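Throughout, read-outs are computed from the coordinates displayed, never taken from laboratory work. The model shown is predicted, which means the values in this text are computed figures rather than measured ones. Positions of Cβ are backbone-derived with ideal geometry, glycine not excepted, and every protein chain shown enters the neighbour counts.
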Amino acid sequence: MTEYVLGIDTSAYTTSIALVDAKNNKIVADKRRVLSVPMGQKGLRQQDAVFQHLKNFHELYGEIKTDFKNIKTVAVSSRPRNIDGSYMPVFTVGQNYGKIIAKTLDCSYIEYSHQENHIAASLFREYKSIDDKILAIHMSGGTTEFLKVKKDIKGYSAEILGGTRDITFGQLIDRIGTLMEFQFPCGMYMEKYIENISSWTKIKTPAIRKAQYINLSGMENFYGNLYTTQKYSKQDIIFSLFNYVAHCILSIIEQIKQDYKYENLIIAGGVATNSIIRNLILNNLKNEYNIILPERENSSDNAVGTAFLPIIDRWYNEIKTY
């Protein structure tokens, strides 16, 4: 008998729906739509994002061609993190749609966090062999967190060990990108802008603070001034910015490992789709850790991880029929 899990994630900038075959661990459908941000703006107000999710959801859901009676579980990302009080209005869209679908189909309904979704999207091919000794780096437009992760009875527990104190890596990239008049979110467009360039002018940057938590707002001013004074080309500034972010990540990892011993390193979130950042981290750490870099499409916001979480939970609770 076919058994599907429907995963739903309505994050700050992407509407995502995924359908997974729970018997065969196979992705049946993966529908996503990035929210539209007007040119020149650095983000969306929550009410505007909610409105777009409401429009996107029924359109994406209508694109899924299957017998919906085979859906046995609806899994939803209902909050940013797996802690009490974690809340963002955008997640209520997926939460409410998920409850309605589960009630209509008379199937089970379960909630996880957006952060657990990223962890599961990284681990869904390896979840049977990796359950602890994990350092997960979650880097998105609104988050830069270095997390001590382990499998819990339900989902994954995560303790923050490091990150940024003021703005995130994603915000730093987006703010410089919008200054350069790239479409928001800017990272993908900035990377594409320099993809065919092979030589660079090296830019000397301020030293990175050797700590588990760092500040980045000074670097926003630094790179902004470089651009407005036209001291360096746009491509040199972008390449330097991506390199700086990668070396910040490496520095924080170096500080964390003094207190927390881990074997597995997950790098996920929208910023982790950047090939320059990914390759620099991989080349520096590939001989030291088991580095888990999900496919670029599963580094960015998705519902695949949410759809796999009930399957992972069931396996760990030793009902191994999935």
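Quick look at the values:
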{"item": "By average C-beta atoms within 10 angstrom, highest first, the peptides 58-66, 307-315", "result": "307-315, 58-66"}
{"item": "Around ILE214: net Lys/Arg minus Asp/Glu count, Cβ-Cβ under 11 Å", "result": "+2"}
{"item": "Percent antiparallel among DSSP beta bridges (both partners in the chain, rounded to 5)", "result": "55 percent"}
{"item": "Cα centroid separation - segment 239-263 against segment 111-180, whole Å", "result": "14 Å"}
{"item": "Estimated FRET transfer efficiency when R0 is 45 angstrom, pair LYS69-ASP48 (beta carbons, to 0.05)", "result": "0.80"}
{"item": "Calculated diffusion of segment 111-256, Stokes-Einstein form, Kirkwood radius summed over Cα pairs, 37 °C and 0.692 mPa s, µm²/s", "result": "197 µm²/s"}
{"item": "Net charge over other residues, Cβ less than 15 angstrom from the Cβ of TYR232 (K, R count +1; D, E count -1)", "result": "+3"}
{"item": "Within the chain, helix-based [θ] at 222 nm, where runs of 4 or more DSSP H residues each add -39,500 (n - 2.57), nearest 500", "result": "-12000 deg cm²/dmol"}
{"item": "Between helix 169-179 and the chain: long-axis angle, C-alpha atoms, 0 to 90°, nearest 10", "result": "60 degrees"}
{"item": "Label zone at ILE160 (point 7 Å along Cα-to-Cβ), backbone N below 18 Å, segment 102-119", "result": "113-119"}
{"item": "Residue-span extension gain [GLU295 to SER275] - 0.36 nm each, minus C-alpha spacing", "result": "6.1 nm"}
{"item": "Student exercise, segment 31-89 dipole from Lys, Arg, Asp, Glu Cβ charges, in Debye to nearest 20", "result": "120 debye"}
{"item": "Alpha carbon Rg of the chain, scaled by the compact-globule rule 2.2 N^0.38 Å", "result": "1.01"}
{"item": "Ordering of 294-306, 139-151, 40-52 by burial proxy (mean other Cβ atoms within 10 Å per residue, highest first)", "result": "294-306, 139-151, 40-52"}
{"item": "Within segment 83-115, chymotrypsin sites (Phe, Trp or Tyr not before Pro) in DSSP loop having at most 13 other beta-carbon neighbours inside 10 Å", "result": "TYR87"}
{"item": "nm² value of the averaged projected area, convex hull over the Cα atoms of segment 152-197", "result": "5.5 nm²"}
